[in-house]
Amino acid sequence: VLLRDKALLRDKALLRDKALLHNEALLRDKALLHNEALLRDKALLHNEALLRDKALLHNEALLRNKALLHNEALLHNEALLRDKALLLHNEALLRNEALLHNEALLRDKALLHNEALLCNKVLLHNEALLRNEALLRNEALLRDKALQLG
């Protein structure tokens, strides 16, 4: 019985260790995917900035060459700056929303993990109590039998 109990506890410990390693691998994979997405977003923003810079340089050349279009070009640049400010503001809001979402997911995952650990602890405690109770019962039976025989 003790060997079987010891083997069961060892098997449970191995399963918990395997589950923990699996969870760690999943978290690493999730972090890698998140980092790749951030790098792609950063590259896209960089390319957009380069394209906007090129467009602004082109507009400046047109303004120098075409004095008659000066007022129209200024109005166009103001609109571009307003659009750029709105885009940057919207991107910042989306990044904040994504961060809050990721934090909430990590909190939920941590809570579930803690609940699972507590359940495992309770199960192990209950098993130990049941084993102790059975041992005490067996000892009492053996004492009673020894008293009857003795």
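Some values worked out for this structure:
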quantity: Reach of Lys84 by Cα under 24 Å, taken over lysines that are not fewer than 8 positions away in the same chain; calculated: Lys42, Lys54
quantity: Per-residue ³J(HN,Hα) for the range 138-147, Karplus 6.51 cos²θ - 1.76 cosθ + 1.60, θ = phi - 60°, Hz, x for Gly and Pro; calculated: 5, 4, 5, 4, 4, 4, 4, 5, 5, 5
quantity: Solvent exposure of the chain as accessible area per residue, Å², 1.4 Å probe; calculated: 89
quantity: Pair His125, Leu100: separation of 7 Å Cα→Cβ label points (nm); calculated: 3.7
quantity: Dmax and Rg, reported as Rg then Dmax, of the range 90-137 (C-alpha, Å); calculated: 20.8, 70
quantity: Protein accessible area in the range 1-74, 1.4 Å probe - carbon and sulfur %; calculated: 67
quantity: Cβ-based charge dipole, the chain, positive-most Cα from Ala25, Leu51, Ala134; calculated: Ala134
quantity: HN-Hα J in Hz across the range 31-43 - Karplus 6.51, -1.76, 1.60, θ = phi - 60°, x for Gly and Pro; calculated: 5, 5, 5, 4, 5, 4, 5, 4, 5, 5, 4, 5, 5
quantity: Solution diffusion estimate, µm²/s, Stokes-Einstein, the range 1-72, Kirkwood Rh from C-alpha pairs, 25 °C, viscosity 0.890 mPa s; calculated: 138
quantity: Asp108 versus Leu44: modelled label distance in nm, points set 7 Å from Cα along the beta carbon direction; calculated: 2.3
quantity: Distance histogram for the range 62-150 (every C-alpha pair counted, 10 angstrom bins, percent rounded to whole numbers); calculated: 13, 14, 11, 12, 11, 9, 7, 7, 6, 4, 3, 2, 0
quantity: Residue-averaged 222 nm ellipticity for the chain, from DSSP H runs of 4+ at -39500 (n - 2.57), nearest 500; calculated: -36500 deg cm²/dmol
quantity: Projected-area mean, the range 1-127, by convex hull of Cα positions, square nanometres; calculated: 9.4
quantity: Cross-link partners of Lys6 among lysines (Cα-Cα below 30 Å; sequence separation of 8 or more within a chain); calculated: Lys18, Lys121, Lys145
quantity: Spin-label model distance (nm) - Lys6 vs Leu88, 7 Å beyond Cα toward Cβ; calculated: 6.9
quantity: Note, ³J(HN,Hα) from phi for the range 81-93, Karplus 6.51, -1.76, 1.60, rounded to Hz, x at Gly and Pro; calculated: 5, 4, 4, 5, 4, 5, 4, 5, 5, 5, 4, 5, 4
quantity: Calculated FRET efficiency for the pair Arg52/Leu27, C-beta based, R₀ 35 Å, to 0.05; calculated: 0.40
quantity: Alpha-carbon centroid distance for the pair the range 93-117 / the range 1-59, whole angstrom; calculated: 14
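The values are calculated or read from the model by the stated rules, or taken from the named source; none is laboratory data. These figures come from a predicted structure and were not determined experimentally. So basically every Cβ, Gly included, is an ideal-geometry build from the backbone, and we count neighbours across all protein chains shown. All accessible areas refer to the heavy atoms of the entire protein, side chains included, with ligands and DNA or RNA removed. Shrake-Rupley method; radii C 1.70, N 1.55, O 1.52, S 1.80 Å.
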